[in-house]
1. Looking at (1) buried (at least 17 other Cβ atoms within 10 Å of the Cβ); (2) touching a residue at least 40 places away in the same chain (Cβ under 8 Å), can you tell me which one Ser41 breaks?
2. Look through Arg62, Arg101, Arg97, Arg35 and report the one residue that is in a helix (DSSP H, G or I), open to solvent by 70 Å² or more (accessible area, probe 1.4 Å) and at pLDDT below 90.
3. Filter the range 7-27 down to residues that are within 26 Å of the chain's Cα centre (by Cα) and of a type in the set (A, V, I, L, M, F, W, C), then give me how many there are.
4. Can you name every residue in the range 9-25 that is open to solvent by 70 Å² or more (accessible area, probe 1.4 Å) and in a helix (DSSP H, G or I)?
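The values are calculated or read from the model by the stated rules, or taken from the named source; none is laboratory data. All figures in this text were calculated on a predicted structure; none of them were measured in a lab. Cβ: placed from backbone, ideal geometry, glycine included. Neighbour counts: every protein chain shown. Quick note on the areas: whole protein, heavy atoms, side chains included, nothing else; ligands and nucleic acids left out. Shrake-Rupley method; radii C 1.70, N 1.55, O 1.52, S 1.80 Å.
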Amino acid sequence: MPVLKAATDCWRQAAEAEKQAALITDPHLKAVYLRIADQWSALARSYEFADSAEHFLLDAKRIKEANSGQHSGELVHLPSSLASREAEHLLKPHSDRCCLRLVPEGPPAEPGAVAA
């Protein structure tokens, strides 16, 4: 069963449990149905999260594959808003495996300047 169909089914079950809870006058039984609705809702959110994580990972894989053709040392220009030394420090690679050097656009920022 596709993930989003499963999530839709869970939302439907949650709505049904809420409808049943609205019809029940016994407080204990009403609470039981509301807990059931909460559990169905939590399961639906879990399915939706799994689906979004799957899309994220597939997109990351596609991007990695698309960038694998880039040459080592290729320059990537960043907007001038990232030109401060603090931003340059944050963008320095933390691994020897990085194949890109990040270079801000525009003139270098003055020491101690804050990025816009």
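1. Among (1) buried (at least 17 other Cβ atoms within 10 Å of the Cβ); (2) touching a residue at least 40 places away in the same chain (Cβ under 8 Å), the lone unmet condition for Ser41 is (2).
2. Arg62
3. Selection size over the range 7-27: 4.
4. Selection gives Trp11, Arg12, Gln13, Glu16, Glu18, Lys19, Ala22, Leu23.
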